[in-house]
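Here is the structure we will look at.
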Ligand code: COA
C-alpha cells in the first residue's frame, strides 16, 4: 500500500505508523488524513496485526496540528467538511478493535493532541508538548478535541486547556491523565514497542471487547453500558481463547491466544 505522507512498518504482530511531513512538523493535511484512513482500515482487517504504534517523523514533533496552510483557504462549508473528515478518521482509529499506542515524540498540538487522544494509550517523551492551541487561531478543535479531552481529563481541566490554548509539558499531561506514561525521549520507541508487544500477546477478541465496552459504554447510560459489558463478557466465554486461557492457568503455563 502506497502513502504520500505516512510510513508503515511491520514488526511481527506490531505495526508502526509514522506521520511523515517533517517540513511542517508532521501537520495533517487532507492527503495525510486520507493516508491515515487507508492505513487504519488495512490494519483493522489484517488479523496478523495485534497492536499499532502511531508516532511522528523526527525528534521535534508528533503532529503539530491540522495543516494551517490548507485551512487558511477553506470556506466555512469546506471547514465543516474538513472537520467531519478528520472526525471520521479519528473515530476509525479509536474503534479499530486493536490497541493503538500514541508514541508522542514532540509537539502534539491541535490535531496532534486529537490524534493521540483517539489512540487507546499514550506514551510521551519527556520532551513532548501537548495542547489544543486552536483558540489562538480564532477557531476551535474540529477533530473531536472538545469531546475526547473532556472525557479523558474531566470538564473543568478540559475547558481550561481549550480556552487557554496552553501547551502542557509531558509531566503536566501525566498528572492530569492525558498521557499514560512519560519516558526519556531516547527510550520512547523501545518503550512503545515493548508495550505493544505485551498487548499483542493478549487474547485479541477480549482486547477488542474491552475497547468496545469502554468506548461504547461511555456513550450510553450506566445500566445500558453494564448490559453491553455483560453481553460481551458472555460472548468472550464462547471463544477458543477463553478455553486456552483457563486451561493454561490450570496447567501453570503461558497461554497461546489465537484470536478465535
Ligand atoms: N500547519 C502548517 N505548517 C506548520 C504547522 C501547522 N499546524 N505547524 C508548524 N508548521 C510549519 C511552520 O510554518 C514552519 O514552516 P516554515 O519553515 O516554512 O516557516 C515549520 O513548520 C516549522 O515550524 P516553526 O513554527 O518554525 O517551529 P517552532 O519550533 O518555532 O514552533 C510550534 C513549533 C509547533 C510551536 C509552532 O510551529 C506552532 O505553533 N505550530 C502551530 C500549532 C497549531 O496551532 N496547531 C493547531 C492547528 S489547527
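Rule-based calculations on the coordinates, nothing more; no lab input. If you're wondering where the values come from, they're calculated on a predicted model, not measured in any experiment. So basically every Cβ, Gly included, is an ideal-geometry build from the backbone, and we count neighbours across all protein chains shown.
Given the structure, is residue 142 under 24 Å from residue 30 (Cα atoms), under 19 Å from the mean Cα position of the chain (by Cα) and in contact (Cβ under 8 Å) with a residue 60 or more places away in the chain? Talk me through it step by step, then tell me what you get.
Details: under 24 Å from residue 30 (Cα atoms): yes; under 19 Å from the mean Cα position of the chain (by Cα): yes; in contact (Cβ under 8 Å) with a residue 60 or more places away in the chain: yes.
Against the criterion (under 24 Å from residue 30 (Cα atoms), under 19 Å from the mean Cα position of the chain (by Cα) and in contact (Cβ under 8 Å) with a residue 60 or more places away in the chain), residue 142 qualifies.
Given the criteria crowded, with 16+ Cβ neighbours inside 10 Å, outside any helix (DSSP H, G or I) and either in contact with a strand residue (DSSP E or B) (Cβ under 9 Å, 6 or more places away or on another chain) or touching a residue at least 40 places away in the same chain (Cβ under 8 Å) (or both), does residue 178 qualify? The answer is yes for residue 178.
Annotation: residue 137 fulfils all but one of (1) out of contact with any helix residue (DSSP H, G or I) (no Cβ under 9 Å at 6 or more places or on another chain); (2) within 14 Å of the ligand (Cβ to nearest atom); the unmet one is (1).
Scanning the stretch 104-122 for residues that are over 18 Å from residue 183 (Cβ atoms), more than 8 Å from the ligand (Cβ to nearest atom) and not in a helix (DSSP H, G or I) yields a count of 0.
For residue 143, the criteria (1) more than 10 Å from the ligand (Cβ to nearest atom); (2) in a loop (DSSP other than H, G, I, E, B) hold in every case but one, which is (1). Of the residues 68, 101, the single one that is more than 10 Å from the ligand (Cβ to nearest atom), touching a residue at least 60 places away in the same chain (Cβ under 8 Å) and farther than 14 Å from residue 144 by Cα is 101.
Given the structure, is residue 96 touching a helix residue (DSSP H, G or I) at 6+ places or on another chain (Cβ under 9 Å), within 12 Å of the ligand (Cβ to nearest atom), within 30 Å of residue 206 (Cβ to Cβ) and in contact (Cβ under 8 Å) with a residue 24 or more places away in the chain? No.
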